[in-house]
Amino acid sequence: MKSNNVYYYYYFIIIIIIIIIIIIIIIIIIIIIIIIIIINLCAGNYFVADCGYPNRRQFLAPYRGTRYHLKDFTGQGRDPNNAKELFNLRHSSLRNVVERIFGIFKSRFVIFKSAAPFPFRTQTELVLACAGLHNFLRKECRSEEFPVELENEIGTSSPIIEEENFGPFFESQEQQRVIANAWRDTIATEMWNDVIN
């Protein structure tokens, strides 16, 4: 009778181990699904980052050691001299516009004054909804509360960047740097070619 209890004990232990392994496999599958969802949400999107950030997947940083700030390009004879300077000028202009927009959003929409406890997709939709509401109010409600912002002093236009495939998610930082730098070089070269042609 004791030997049967020992067998039941071993069966019980084996069943517990199998259940734990199944739970671990399920957790791993869930993590992989979450990573895939994040990759799909962020595909083709990137942050316009300053020199404090490395040029990596989804962080588009300017060229270091090259003129960058808008004031560096103001005045006669201060136009960009090469592709890197042109890229940095347009990067700085874009970053300036984005920072101004979020400054306006923070002053008009309380939800932007602190970190929102919402999922990434909801945060993206909030930005789009508030942008639409802001534009509607600017157009329809002519008042001091919703002034029409002045255009940027430096009128630069940059082409829309098409979605780029950066390859697999799991890359070393060095691989990401090389890929991101090549992507940035391609953008800079295309911008420069548009200017000189």
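Checked against (1) within 23 Å of N181 (Cα to Cα); (2) among the hydroxyl-bearing types (S, T, Y); (3) exposed (fewer than 13 other Cβ atoms within 10 Å of the Cβ), S93 passes all but a single condition, namely (3). Within the stretch 1-56, being assigned to a helix (DSSP H, G or I), within 31 Å of the chain's Cα centre (by Cα) and at pLDDT below 85 holds for I31, I32, I33, I34, I35, I36, I37, I38, I39, N40, L41, C42. Do we find that R78 is modelled with pLDDT under 85 and among the basic types (K, R) in this structure? When the stated conditions are applied, R78 does not pass them. Output yes when any residue across the stretch 96-113 is basic (K, R), under 26 Å from V195 (Cβ atoms), assigned to a loop (DSSP other than H, G, I, E, B) and without any contact (Cβ under 8 Å) to a residue 60 or more places away in the chain, and no when none is. No, every residue in the stretch 96-113 fails to be basic (K, R), under 26 Å from V195 (Cβ atoms), assigned to a loop (DSSP other than H, G, I, E, B) and without any contact (Cβ under 8 Å) to a residue 60 or more places away in the chain.
Scanning the stretch 68-79 for residues that are surrounded by fewer than 18 Cβ atoms within 10 Å (Cβ to Cβ) and without any contact (Cβ under 8 Å) to a residue 60 or more places away in the chain returns H69, K71, D72, G75, Q76, G77, R78, D79. Within the stretch 26-52, residues that are within 20 Å of T122 (Cα to Cα) have Cβ atoms under 8 Å from residues that are modelled with pLDDT of 70 or more and among the hydrophobic types (A, V, I, L, M, F, W, C) in these pairs: I38/F120; L41/F120; Y46/F59; Y46/L60; F47/F59; F47/L60, counting only partners at least 6 apart in sequence or on another chain. Within the stretch 82-110, the set of residues being farther than 11 Å from R67 by Cβ and aromatic (F, W, Y) comprises F102, F105, F109. Say whether the condition of being closer than 27 Å to L89 by Cβ, at pLDDT below 80, aromatic (F, W, Y) and surrounded by 11 or more Cβ atoms within 10 Å (Cβ to Cβ) is met by at least one residue in the stretch 163-179. Yes: the stretch 163-179 contains one or more residues that are closer than 27 Å to L89 by Cβ, at pLDDT below 80, aromatic (F, W, Y) and surrounded by 11 or more Cβ atoms within 10 Å (Cβ to Cβ).
The values are calculated or read from the model by the stated rules, or taken from the named source; none is laboratory data. Here the structure is a predicted model, which means the values were calculated and not measured. Neighbour counts run over all protein chains shown; Cβ positions are idealised from the backbone, glycine included.
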